[in-house]
Amino acid sequence: MGQQMSDQRPIGVIGVGWVGLVTAGCFADLGREVIAMDVNAAKIDALERGEVPIHEPGLEGLLERNRERLRLTTEMSEVLDPARLLFCCVDTPPTYSGDADLSRVESVVSQLPESGEHALVMKSTVPAGTGRAIRRDHPSLTYVSCPEFLKEGSAVEDFLHPDRVVIGADPGDEWAADEVEAIYRPLGGELVRTDVASAEMIKLAANAFLATKISFINEIANVCEEVRADVAEVAKGMGLDERIGPQFLRPGIGYGGSCFPKDVSALKQLAGNSGYHFQLLTAVIEVNELQKRRVISKLQKHLGSLVGREIALLGLAFKPDTDDMREASSLVLAGRLQADGARVRAYDPVAEDAARPLMSGVDFSDSALRAVEGADAVVLVTEWPEFAELDWAEVASRMRGDLVIDGRNALRSELVTAAGLAYEGIGRH
Ligand code: UGA
């Protein structure tokens with residue numbers, strides 16, 4: 001253990017989900033040989049054929065132009081033989097208790113030889129303390145924590161232009177951290193070298209803080225509705241204070257995705273498991289759950305009972321530019337609407353295939369204008385730019401009712417009302 005590795009060695013990437021695929025493609029784009037491995041043979045086969053299984057801007061082109069430097073395999077041995085740095089990018093989904101499920105990480109670790117030649121670089125989001133536990137159980141393994149901060153929808157851009165790169169290593173493992181630093185250095189961005197537990201906490205704390213900012217502005221929006229203030233003005237005025245900053249102050253119908261819901265509850269559980277009750281995060285989660293349901297009361301305020309009402313959802317994914325439906329607010333919304341007797345139709349530019357199996361009883365349309373036909377109300381769920389461009393006079397002529405709920409404050413209300421429709425946003429009057 002501890003010998004310096006050759007720069008020329010291929011980099012191993014284990015798990016080609018969102019993070020793994022982007023990581024592998026971007027490392028190849030930086031001129032490195034990459035061997036990416038996944039246990040899912042169908043996914044590897046599809047990638048071999050040039051089919052990218054996720055919707056992520058720029059990813060397809062990136063993988064295509066780096067085909068020669070990026071090898072794909074389902075065999076761990078094909079990674080372990082040539083590579084020494086192994087970037088672990090498997091997913092860590094939530095368990096019923098809210099803790100992170102580390103079974104895939106454990107499976108990767110169990111396949112690593114005890115020869116001490118390899119360094120596991122953890123990109124998967126894991127609870128603080130995971131690295132220490134892995135190191136304790138596998139003393140010959142070198143371990144580096146290198147959390148990922150990319151956002152879906154701008155993942156390639158975020159990866160290639162990071163604000164900061166966090167690299168955590170404990171004494172004895174610095175040589176591998178140096179190698180990781182050398183890979184990332186050309187990308188610029190502040191390099192944060194720290195210990196493993198702190199690196200793990202940085203990731204969880206960053207996501208929890210962003211989620212807190214969103215729940216905070218959502219509550220401010222709800223109060224704005226009561227006092228007839230405009231949350232957009234409030235967020236702008238707040239965000240100009242450099243200590244607060246303008247980002248992540250967009251109110252809406254709750255955050256979703258594969259990261260915030262999972263990581264906030266994982267941090268809460270992590271604290272709870274060691275006897276600390278993280279009260280703030282309990283509230284952040286609760287506010288988010290309630291926020292998803294506020295649309296229902298807005299609809300009821302205008303329509304009364306929802307029984308037999310036709311409600312059109314515009315957008316389904318948890319954010320634009322992705323087909324990811326994990327923890328999307330649309331799932332809760334559609335379920336609540338159906339439970340209240342409404343009929344739900346929906347349109348999303350790219351997420352329909354991912355949404356169908358999760359949304360039984362929902363009628364899917366192939367365009368926004370088709371989805372709104374005969375609708376009593378339209379709810380904007382995901383702020384795809386095409387919805388802001390809609391011809392509202394045309395929408396009005398196709399609808400049965402006249403209500404538009406803008407769940408992301410993404411529409412120009414004056415255009416909607418000019419078409420004779422009633423507009424209601426979040427925290428706007
Ligand atoms: C998030 C973090 O932003 C990334 O830094 C992190 O790397 C990633 O999780 C992860 O841990 O893998 P992501 O989930 O892709 O990225 O998407 P975000 O753009 O952060 O949006 C998350 C949710 O918050 C979306 O539902 C979005 O609509 C919502 N949101 C975001 C708001 O409601 N208001 C805002 O102001 C911003």
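The values are calculated or read from the model by the stated rules, or taken from the named source; none is laboratory data. What you see is a predicted model; the values in this text were computed from it and never measured. Every residue, glycine as well, gets a Cβ built from its backbone with ideal geometry; the counts of neighbours run over all protein chains shown. When the accessible area is computed, the model is the full protein with side chains, heavy atoms only, and any ligands, DNA or RNA have been set aside. Shrake-Rupley method; radii C 1.70, N 1.55, O 1.52, S 1.80 Å.
The table for this structure:
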item	result
Counted residues, the stretch 80-124 - those being of a type outside the set (D, E, K, R), open to solvent by 20 Å² or more (accessible area, probe 1.4 Å) and part of a loop (DSSP other than H, G, I, E, B)	10
Qualifying residue in the stretch 197-210 (condition: closer than 30 Å to Ala177 by Cβ and without any contact (Cβ under 8 Å) to a residue 24 or more places away in the chain)	yes
Residues located in the stretch 292-336, provided they are touching a strand residue (DSSP E or B) at 6+ places or on another chain (Cβ under 6 Å) and either surrounded by fewer than 24 Cβ atoms within 10 Å (Cβ to Cβ) or modelled with pLDDT under 95 (or both)	Lys298, His302, Glu310
Residue list for the stretch 232-269, filter: away from the ligand (no atom under 15 Å from the Cβ) and not small (Gly, Ala, Ser)	Glu233, Leu240, Asp241, Glu242, Arg243, Lys268, Gln269
Condition check for Asn288: out of contact with any Lys or Arg (no Cβ under 8 Å at 6 or more places or on another chain), touching a residue at least 12 places away in the same chain (Cβ under 8 Å), part of a helix (DSSP H, G or I) and surrounded by 16 or more Cβ atoms within 10 Å (Cβ to Cβ)	yes
The one condition in (1) modelled with pLDDT under 95; (2) closer than 30 Å to Glu56 by Cα; (3) more than 16 Å from the ligand (Cβ to nearest atom) that Glu152 fails to fulfil	(3)
Set Val13, Val19: member being open to solvent by less than 50 Å² (accessible area, probe 1.4 Å), under 30 Å from Gln269 (Cβ atoms), part of a helix (DSSP H, G or I) and not small (Gly, Ala, Ser)	Val19
Qualifying residue in the stretch 248-268 (condition: open to solvent by 10 Å² or more (accessible area, probe 1.4 Å) and at positive phi)	yes
Among (1) over 19 Å from Gln269 (Cα atoms); (2) open to solvent by less than 30 Å² (accessible area, probe 1.4 Å), the one test that Ser77 misses	(2)
Qualifying residue in the stretch 186-199 (condition: within 15 Å of the ligand (Cβ to nearest atom), within 23 Å of Arg326 (Cα to Cα) and not in a helix (DSSP H, G or I))	no
Boolean, Glu33 is of a type outside the set (A, V, I, L, M) and in contact (Cβ under 8 Å) with a residue 12 or more places away in the chain	yes
The stretch 1-53, subset in contact with a helix residue (DSSP H, G or I) (Cβ under 6 Å, 6 or more places away or on another chain) and β-branched (Val, Ile, Thr), residue modelled with the lowest pLDDT	Val52
Candidate set: the stretch 125-148, residues that are open to solvent by less than 10 Å² (accessible area, probe 1.4 Å) and of a type in the set (Ser, Thr, Tyr); chosen: the one farthest from Ile202 (Cα to Cα)	Thr142
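Yes or no, residue by residue, for (1) charged (D, E, K, R); (2) more than 23 Å from Glu424 (Cα to Cα); (3) free of Cβ contacts under 8 Å to residues at least 24 places away in the same chain:
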residue: Ile214; (1), (2), (3): no, no, no
residue: Glu219; (1), (2), (3): yes, no, no
residue: Arg228; (1), (2), (3): yes, no, no
residue: Leu249; (1), (2), (3): no, no, no
residue: Gly256; (1), (2), (3): no, no, no
residue: Gly272; (1), (2), (3): no, yes, yes
